[in-house]
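What follows is one structure encoded as structure tokens, with my remarks underneath.
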Amino acid sequence: IQLFDLKGEFISQWTDFAGPTGISAGADGTLIVCEFGYDPAIPTRYSIPAHGRRILPRGTMRSPEGAMLAKIEGEDKCATGSFFAPHSISIDRGGDIYVAEVPITRRAPGACHTLQKLVKR
């Protein structure tokens, strides 16, 4: 993820992601990023983490400076609150998170979700 100022000047680059596909900003400046994840056993065209270890498809909450604050993921990729192939993510003013997925692109089981709303507690 690259950051630029309003004049288009480069500010910074964050590289600790596994196939980032969407980003959204919360009302408090917190960012949320959805990522395809990484599995060394599966060939990929997407970014590979420097450490080369498996990362589940996930959503990560980030500070405005890019530090990871929290992550949302799960081993059962088709379970509620887990992701199979997250393509877009958004956060509303109340902190609820919406994730759109295209599981057919990664050969998900037929019952896998395509849209989730995760409610802030």
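The values are calculated or read from the model by the stated rules, or taken from the named source; none is laboratory data. None of the values given here were measured: they were computed from a predicted structure. Here Cβ is always computed from backbone atoms with ideal geometry, including for glycine, and neighbour counts include all displayed protein chains. Note: areas computed on protein heavy atoms with side chains; ligands, DNA, RNA excluded. Shrake-Rupley method; radii C 1.70, N 1.55, O 1.52, S 1.80 Å.
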- Average accessible area per residue (Å²) across segment 1-65 - probe 1.4 Å, nucleic acids and ligands excluded: 60 Å²
- Calculate, for GLU9 and GLU75, the FRET efficiency according to 1/(1 + (r/R0)^6) with r their C-beta to C-beta distance and R0 35 Å; round to the nearest 0.05. 0.25
- Task: Measure off, as a whole percent, the carbon and sulfur share of the 1.4 Å-probe accessible area of the chain, all protein chains present.
- Result: 55 percent
- Where GluC sites (Glu not before Pro) fall in DSSP loop in segment 50-84, at most 11 other Cβ within 10 Å: GLU65, GLU75
- Query: By its C-alpha gyration tensor, with a ≥ b ≥ c as the square roots of the eigenvalues, how is segment 34-121 shaped: rounded for a/c under 1.5, else prolate for a/b larger than b/c, else oblate?
  - Reply: oblate
- Can you run phi through the Karplus equation (6.51, -1.76, 1.60; θ = phi - 60°) for segment 116-121 and list ³J(HN,Hα) in whole Hz, with x for Gly and Pro? 9, 10, 9, 8, 5, 9
- Item | Sequence of ARG62, ARG93, ARG121, ARG53 when ordered by accessible area, the most exposed leading, probe 1.4 angstrom | ARG121, ARG93, ARG53, ARG62
- Message: If R₀ is 25 angstrom, what is the calculated FRET efficiency for the pair ILE23 and VAL119, using the beta carbon separation as r and rounding to 0.05?
- Response: 0.75
- Message: What does the charge count around ARG62 come to, taking other residues whose C-beta lies under 15 Å from its C-beta (Lys +1, Arg +1, Asp -1, Glu -1)?
- Response: -3
- Within the chain, which cysteines find no other Cys whose Cβ is under 4.7 angstrom from their own? CYS34
- Solvent-accessible surface ranking, highest first, for ILE89, ILE72 at 1.4 angstrom: ILE72, ILE89
